[in-house]
Each structure stands twice: as C-alpha cells, then as structure tokens.
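A short worksheet on the structure shown next.
What follows is calculated from the coordinates using simple rules that are stated; it is not laboratory data. Just so it is clear, the structure is predicted and the values come from calculations on it, not from any experiment. With ideal geometry, Cβ positions are generated from the backbone for all residues, glycine too; neighbour counts draw on all protein chains shown.
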Amino acid sequence: MNEKEYWKNRWVTGERNPPNPFAKKAYALIRKRNYITLLDIGCGDGRDSLYFAEKGLRVSALDFSKNGVTNLKSLNSNIKTYVGDIRKMPFGQNSFDIVYAHLSLHYFDDKETDKIFENLYRILKKGGLIFVKCKSTDDALYGKGEKRGPDMYRDGHLRHFFSKEYMASKMKKFKILKLRKTSSVYDLYKSSFIEAIATK
Ligand SMILES: C[S@@+](CC[C@H](N)C(=O)[O-])C[C@H]1O[C@@H](n2cnc3c(N)ncnc32)[C@H](O)[C@@H]1O
C-alpha cells in the first residue's frame with residue numbers, strides 16, 4: 001500500500017473529532033493579532049480547520065486524502081478545500097496570514113522537506129505566523145520498521161523523525177519564536193514531537 005492509499009483509508013468516516021491541543025495553542029496566539037486567512041496543510045479530517053473556521057478565520061485546507069477533504073467540506077462548506085499534494089501546493093506568494101501543519105510534514109525525505117519549507121516561506125505573508133508540529137527522534141516509533149533514509153523509517157507508513165536542530169535548520173529563513181520538544185498521547189501511544197512557531 002502506498003502512502004496515498006494508506007491515508008485514503010484512514011479518513012473514511014465522517015465522524016467529528018475534537019480539535020488537536022496544538023490548534024488551541026496556536027489560536028491563543030492568533031487571536032491577539034488581526035489575522036484573517038489560514039492554511040491547514042495535511043488537514044486530514046479537518047478537525048483543526050473546523051475549529052479555526054468556528055473562531056472566524058478564513059480557512060483553506062489541503063490534503064491528498066479525498067475522503068478527509070470531502071468529509072470536511074460536508075461539515076463546513078465555507079472552508080476552501082483542496083485535494084492535492086503537499087509537495088506541489090498551488091498557492092501564490094504571500095497568500096496566507098497563518099500557515100498551520102499538524103503532523104503532516106514528517107513524511108518526506110530531506111530534499112523534499114527543504115522544498116516544502118521554502119514553499120511555506122513563500123506563501124506566508126510578511127508578519128504572518130507559521131505553526132509546525134512533527135514527530136521527534138525521541139518518539140516511541142523511531143527506529144521501527146524498515147530504514148528508508150536518515151531518521152526515516154517505514155512501519156505501516158513512512159515517517160521522517162525531526163530533531164530540534166533539524167527543525168531549526170528547515171526553518172532558518174523564518175524568525176523562530178518558539179521551538180521545543182513535547183510529549184503527549186496521540187493515537188493511544190506516547191509520542192514525542194518537535195513544535196515550532198515562527199514568523200516571517
Ligand atoms: C497524521 S495525519 C494529520 C492530520 C491532521 N493534520 C490532524 O492532525 O488531525 C497526516 C495527514 O497528512 C496527509 N498527507 C500525508 N502526505 C501527504 C502529501 N504528500 N500530500 C498531502 N497530504 C498528505 C495525510 O493524508 C493525513 O491526512
């Protein structure tokens with residue numbers, strides 16, 4: 001099963017999930033400024049897109065899982081949805097006040113990751129905010145499955161685990177406001193993450 005097939009099957013139900021705590025954390029910062037537009041990258045079932053839209057933001061959401069995006073659209077037709085690949089996002093320069101990516105940027109090799117972050121810099125408006133959370137090299141799943149590259153393993157699906165230094169290097173063009181390692185329970189097991197909040 002390839003990556004797209006895996007995620008297609010993941011978002012088959014239209015059940016509504018609560019927003020991720022990272023979205024709430026992001027909104028606590030967002031609300032202090034006059035932001036309007038937000039892009040949710042790798043939105044999945046759109047739980048965070050729905051939350052941001054309820055808070056009054058103009059939300060665009062992209063994922064290559066048609067099921068996830070279709071479910072999201074059926075729950076809130078005001079959200080602009082895109083079925084597409086994170087590696088080929090169709091947005092122009094300075095398109096969004098906020099770029100948000102929760103557990104959606106740790107699937108690509110180093111070269112692809114570089115290109116994605118360059119694109120994120122391009123599409124974020126000056127003075128905008130970017131929120132990124134990725135699995136960390138301290139995660140319980142690190143080292144499990146077939147090794148596919150530096151800090152990359154395939155166990156069910158492919159994951160590229162980030163260190164704090166790796167995240168900092170990918171975000172070097174941005175002005176980093178916060179960069180930290182966190183732990184929590186995601187999908188019923190204890191996970192470790194790197195969270196970054198930055199501005200342009
Ligand atoms: C762990 S889920 C996170 C979903 C959502 N952000 C959340 O936190 O609830 C990762 C998401 O990234 C999407 N994804 C993975 N690779 C992708 C790619 N190359 N292009 C677009 N979406 C991708 C998957 O379809 C999936 O919905």
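Under the simplified labelling scheme, the E5-D109 pair shows an inter-label distance of 2.1 nm, with each label point 7 Å from Cα along Cα→Cβ. The orientation-averaged projected area of the convex hull spanned by the Cα atoms of region 63-200 comes to 8.7 nm². Of the listed pairs K88/K181; K115/K147; K32/K111, which have alpha-carbon separations greater than 30 Å here? Check vs 30 Å cut-off fails for K32/K111. Between the amide H of S136 and those of F162, S192, F193, I194, distances stay under 5 Å, these residues lying 5 or more places away or on another chain, with hydrogens modeled in the peptide plane. A crude spin-label estimate for the pair I36 and T70, with each label 7 Å from Cα along the Cβ direction, gives 3.3 nm.
The charge dipole of region 112-176, taken about its Cα centre with unit charges on the Cβ atoms of Lys, Arg (+1), Asp and Glu (-1) only, comes to about 400 debye. For R148, the amide hydrogen comes within under 5 Å of the amide hydrogens of Y153, R154, counting only partners 5 or more places away or on other chains and with H modelled in the peptide plane.
Derived scalar couplings between HN and Hα for region 42-57 equal x, 5, x, 7, x, 4, 7, 4, 4, 4, 5, 5, 4, 7, x, 7 Hz in order, rounded to whole Hz, by the Karplus curve 6.51 cos²θ - 1.76 cosθ + 1.60 (θ = phi - 60°), x for Gly and Pro.
Relative to one another, the C-alpha centroids of region 130-198 and region 63-119 are positioned 18 Å apart. The packing ranking of peptides 124-131, 17-24, highest mean first, is 124-131, 17-24, where packing means the average number of other beta carbon atoms within 10 angstrom of each residue.
Estimated from helices alone, the mean residue ellipticity of the chain at 222 nm is -8000 deg cm²/dmol (sum of -39500 (n - 2.57) over DSSP H runs with n ≥ 4, per residue).
Placing +1 at every Lys and Arg Cβ and -1 at every Asp and Glu Cβ, with all other atoms neutral, what dipole size does the chain have around its Cα centre, in debye to the nearest 20? All intermediate terms of the calculation are to be shown ahead of the outcome.
Numbers: 39 positive and 23 negative charges, 163 e Å.
With only Lys, Arg, Asp and Glu charged at Cβ, the dipole is about 780 debye.
Cross-linked pairs K144/K173; K135/K175; K24/K73: Cα-Cα separations exceed 27 Å for K144/K173. Taking the chain as a Gaussian network of alpha-carbon nodes connected by springs under 10 Å, the highest mean-square fluctuation of the residues N78, N94, N34 belongs to N34. Taken along the Cα-to-beta-carbon direction at a fixed 7 Å, the label points for A168 and R87 span 2.9 nm.
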